[in-house]
Every structure is written in structure tokens, then in C-alpha cells.
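Taken together, the values in this text are just the output of simple stated rules run on the coordinates, not laboratory data. Computed from a prediction, not measured in an experiment: that's the story for all the values here. Every residue, glycine as well, gets a Cβ built from its backbone with ideal geometry; the counts of neighbours run over all protein chains shown.
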Amino acid sequence: MDNEGYLTDHGAPHVKTVVDRASRLAATDTFPLTAYETYIILVAIHLHDVGNVYGRKGHEMRALTIMRDVLGNIAGMDDVEKRHIIAIAQAHGGHIAGDKDKISRLERDTLVLQQRIRPQFLAALLRLADELADDRHRASRFMLDAGLVPKPSEIYHKFAEALHTVEIDHAGRQVLLHFDFTDAVAIKTFGKGDCEVYLLDEIFDLTIKTHLERAYCMRFMYPLIPIDMISVKIEVTNGRDYDVMHSVGYRLEDRGYPAVPADGLRGICRAEDVPALTGEGLRSLLTTEVQR
């Protein structure tokens, strides 16, 4: 419990789930990780949420503090290796100066201890695995049943409780998310910060977030691990005899023609690649040169 409410699980069971999701994502016909990269991402997964011991806000940036001040040489002896592990762990969320695109700041590939690793790919794999780890094992069932979850955090636990299956379907290039909750839950609202929301609406919102995370991570994971869509199935059951009363299904995938960012090239190119000249600026430059 902190001043942001009662968090869903961030301890050993969550780490185990993230490891499972990362393993399932990587379980392609041609396993895309080297033995050393497997070690790197496993350590990063164990570190990615430990900053929550200091509070939720900015937790992703505290992996360095934990590794340096708490774990020390238990987390390895080499500082170069530690630096890359920390960077991969810290890219799973948050932002830098308002920019959420933290993975692009990492190297595409590099050498560590004479072994090649792909920091962007590993960070994307961790980030997507973490996104897919929010199932009912993460909810505090006892606290929910006892009515002890603080109001601002209720919906997060109800969402996790409802998500009973997360399946990586490599053949279909999709992730399957299956939810189930009773009619009694469907007609109630639950606390979310200062608001009250229905669980169905929260599922809609958070599966959109999952779709955005998938699209973002695919920039760094494709074609090694191609996932093209999120397929969602929601069943509302009769709490008395478990019969399905209503079923909702939809797929989230990239559609339509890409939009041009409002800031043009600056919204597409890296900052260092944006041309400094404009058409008018080029005209003035050429005119000056001709006059010389």
C-alpha cells in the first residue's frame, strides 16, 4: 500500500508470470534469443519492478538504485553488463522528458563481454511480456472478497481478476485475451482514482493500451516475433449457474492509412536527422551564394 493505492502484485508471482509470457513470446520455430541474451533478459525481468518498494511513481527508473545499493555483486560482477541490464529493465515504462519512446534510446545491437546482444529487442520483449502479465494471478482475491482494496485501486484488481487467459498464438500471429465476470460485477461501478467506472469500459480502455504497446514493441521485435493483433473475448456469466449471458468479441490490429504527424518530419525522424533547412531557407542560402 502506498499513497497511490493498493497495487496489483509486483512480487515474485508477477516476475514468474512475466518470465512465462516472455518465454511464450520467444517460443517461435527459430528461438530468437542467444543463451547470453536469455540470461540478460531474465535478470532484467527480476529487476524491472523492484523500484516499487520506494513507491509506484518513477519506479521503473530505480533499478539502478536496487542493483547498486542493495544487490551489489549478487547481480553480477561486470559493470558494463549491469549497465545494459539496467537500461533494458528501465525501458519497460515511464518517460524521459515527456517522451515515452524509451526503447529507441537503446542500442540496436552491441557487444558485451565479447558477446553480441540486442538491447532494443530485449527491452521490447520484456515490455510486451510485462503488458501481458496482468491476469487474475495478479489480483488480490482475498482483499477483494474482504472489501479491503482501497476505492481508488478497485478497478485494477477487478480487471486482473476478470482476465483468466492470455495465450500467444504464433500460428495466428496474435495474442488472445479472455475475460470472464458475473452479471453482478457487470452492473456495478468500481473506483479508479477519483472516478467510478464499469469493468467492461475499463477492459475496452486497457485492451486499447495493450494494442498500442504491441504496435510499439513490434517496431523492435519484428520479424523475429511477429504479432499482428490482439483478439479479445469477454463473457458475462450468471453468477448462480455459470451460464454465459452475454459475449463480446473484437480484434485490435493496425488499420487504415498512416496519419502524417502534426509536426511533419519532426514527428517521424530522429531529432538529429531532421533537416535544418526549409524551402525558404534554402532559397535564401542559394541566392546569397550566387551573389558571391
Net charge, GLY239 excluded, C-beta distance under 13 Å - Lys, Arg +1, Asp, Glu -1: -3
ALA184-LYS16 pseudo-label distance in nm [points 7 Å out on the Cα-to-Cβ vector]: 2.9
Antiparallel DSSP beta bridges within the chain, as percent of all bridges there, nearest 5: 75
Listed residues PRO119, PRO150, PRO258, most fluctuating in the chain (Gaussian network, C-alpha, under 10 Å): PRO258
Residue among ALA124, ALA97, ALA87 with the largest mean-square fluctuation in a Gaussian network model of the chain, springs linking Cα atoms under 10 Å: ALA97
Folded to 0 to 90 degrees: helix 12-26 orientation relative to the chain principal axis, Cα: 60
Acute angle (nearest 10 degrees) that the helix 199-221 long axis makes with the longest principal axis of the chain, alpha-carbon atoms: 30
Dipole in debye (nearest 20) - the chain, about Cα centre, beta carbon charges: Lys, Arg +1; Asp, Glu -1: 640
Length-normalised contact order for the chain - Cα pairs under 8 Å, 6+ apart - percent: 15
Across LYS16/LYS102; LYS82/LYS209; LYS158/LYS209, pairs whose alpha-carbon gap is larger than 21 Å: LYS16/LYS102; LYS82/LYS209
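Taking the Cβ of THR110 as the centre, find all other residues whose Cβ is under 12 Å away and add up their charges (Lys, Arg: +1; Asp, Glu: -1).
On the way: positive: ARG83, ARG108, ARG116, ARG118; negative: GLU37, GLU81, GLU107, ASP109.
It works out to a net charge of 0.
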Sorted by Cβ density within 10 Å, fewest first, the residues LEU42, LEU111: LEU111, LEU42
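Given 37 °C and 0.692 mPa s, how large is the Stokes-Einstein diffusion coefficient of the stretch 222-275 in µm²/s, with Rh as the Kirkwood radius over Cα pairs?
Result for D is 209 µm²/s.
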Options SER104, GLY249, GLN114, ranked by Cα towards positive dipole end of the stretch 12-253, top entry (Cβ charges): GLN114
Unit Cα scatterers, Debye sum, the stretch 103-170: log10 I(q)/I(0) for q = 0.24, 0.25 Å⁻¹: -0.98, -1.02
Cβ-based exposure ranking for LEU132, LEU277, in which fewest neighbours within 10 Å come first: LEU277, LEU132
Fully extended contour minus Cα-Cα distance, from THR287 to THR34, at 0.36 nm per residue: 85.5 nm
Förster radius 51 Å - calculated FRET efficiency between TYR257 and LEU148 (Cβ-Cβ, nearest 0.05): 0.55
For GLU272, GLU107, GLU161, order by how many other beta-carbon atoms lie within 10 Å, fewest first: GLU272, GLU107, GLU161
Helix 79-90 vs. the chain, principal-axis angle (Cα, 0 to 90°, nearest 10): 60
Phi to ³J(HN,Hα) by Karplus 6.51 cos²θ - 1.76 cosθ + 1.60 over the stretch 175-183, Hz, x for Gly, Pro: 10, 9, 10, 10, 10, 8, 7, 7, 5
Antiparallel %, DSSP beta bridges [both residues in the stretch 154-252], to 5: 65
Listed residues ARG127, ARG21, ARG116, most fluctuating in the chain (Gaussian network, C-alpha, under 10 Å): ARG116
Semi-axes of the equivalent ellipsoid for the stretch 145-235, Cα gyration tensor, largest first, Å: 29, 14, 10
Rg over Rh [alpha-carbon atoms, Kirkwood Rh] for the stretch 12-253: 0.99
Label-point separation in nm, LYS209 to LEU265, each point 7 Å along Cα→Cβ: 3.6
